[in-house]
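Contents: one structure, followed by commentary.
Any read-out appearing in this document is the output of simple, stated calculations on the displayed coordinates, not a laboratory observation. No experiment lies behind these values; they were computed from the predicted model shown. Note that each Cβ is placed from the backbone with ideal geometry, even for glycine, and that neighbours are counted across all protein chains shown.
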């Protein structure tokens, strides 16, 4: 009986689906990481995945863990040193009493943060700052500004290779040079960002009629706040340099965060403990669990089967295969999260040896597709965690209803731009 259970792929698929559903729905209000961890443990305990394979799956996420740790450390440093409140006051002043102008400003800043620091940084670093902005301007409905952070984090995440860790997963060791990447993804990125902005602004038009105050005192930025800001700027430079030299991004990001912490905290044990307490440590087992789930799916033969289907589509039509792969992945990321989906997709395109337009469509599907649901990307999950710290609740159903309006136009226009460039 046990042998037949192990030989069949269905138990693995069922556990992966149930674990993903737990991450999305959070039964009993348990954190997301618990469900991902339970799913990973069940796969091992039932003999569906050898312990060595599970550990190898966990190890594959090392670069991602380091990247996230560095970003969360920078964000918590900035929060505790008052950098967010300082930025909030200046942003509110620039809005000059216009809720719509403030929304556009937040979206624009989110685009820049995503492009140069990654979509996870937008969720971790920018979201608390925007929450502070909403408080500073006394916005009765802060959600439009917070939603801008979530949606632009994915829409702008393929302007540069460093804009999304999933980009590195899709290309792996075959990452194109920056001067090749930019012209290839410039137009798809532009239309995705503009379409996301237009759809989100349209859906939030009623809330953006609210009044926002202009009488905002400008706080003084402390020396620690300036150091934290310098740490974030320095990290952006480090990431661009690492990307230019085709180096993994996790360790440089982590080291940059540690260096900033050392400068800001200056040996204060109590301050260091406060920063450590503020970090969302549950993100790490969540990501590790997702890597184990995708390792189990790979052992069921899913990768080879998908590669065969993709090769057949490419033989029929490159344009059709690009559109189909991008669309399927856009939906699939919301079932298993874009990091595991990106891992599977990266392996599939490597095995299938697809043309570049198909690989580009796959990347766009992995990057934009998560704007459909809260479970689509790690950035959106991090965004939800940041919202909970601010006392703001966004349900999975509410996000899905909005994502169903915002995501499809951006995806279709970006895929069309890829087809035109082919």
Using alpha-carbon coordinates, inclination of helix 378-389 to the longest axis of the chain, degrees: 40
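Between residue 45 and residue 396, what FRET efficiency follows from the Cβ-Cβ distance if R0 is 30 Å, with the result rounded to 0.05?
Values: r = 28 Å, r/R0 = 0.94.
With R0 = 30 Å, the Cβ-Cβ based efficiency is 0.60.
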With 10 Å bins from 0: P(r) over region 135-275, alpha-carbon pairs, percent: 10, 25, 28, 28, 9, 0
Debye log10 I(q)/I(0) for region 261-413, one point scatterer per Cα, at q = 0.08 Å⁻¹: -0.31
Within a Gaussian network of the chain (alpha carbon springs, distance under 10 Å), most fluctuating of 140, 304, 32: 140
Cα pair distances in region 225-274, grouped into 5 Å bins until the bin that holds the longest one, percent each: 5, 22, 26, 21, 13, 8, 4, 1
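Using only DSSP helix segments of four residues or longer, with each worth -39500 (n - 2.57), what per-residue ellipticity at 222 nm results for the chain after dividing by its residue count and rounding to 500? Spell out each step's value before the answer.
On the way: 21 runs with 317 residues, N = 422.
Calculated at 222 nm, the ellipticity per residue is -24500 deg cm²/dmol.
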Overall dimensions of region 272-330 as given by Cα atoms, namely Rg and Dmax in Å: 18.9, 59
C-alpha long axis of helix 178-203 to longest principal axis of the chain, angle in °: 70
Overall dimensions of region 188-243 by Cα: Rg and Dmax, Å: 18.3, 44
Taking N as its residue count, the alpha carbon Rg of region 76-193 over 2.2 N^0.38 Å: 1.15
Dmax and Rg, reported as Rg then Dmax, of region 5-421 (C-alpha, Å): 20.8, 67
Whole-Å distance, taken between Cα centres, linking region 9-33 and region 256-282: 33
With Cα atoms, 0 to 90° folded angle of helix 250-265 axis to the chain main axis: 20
Surface/4 estimate of mean projected area, convex hull on alpha-carbon atoms of region 84-131, nm²: 3.0
Reference-scaled alpha-carbon Rg (2.2 N^0.38 Å with N residues) for region 136-211: 1.41
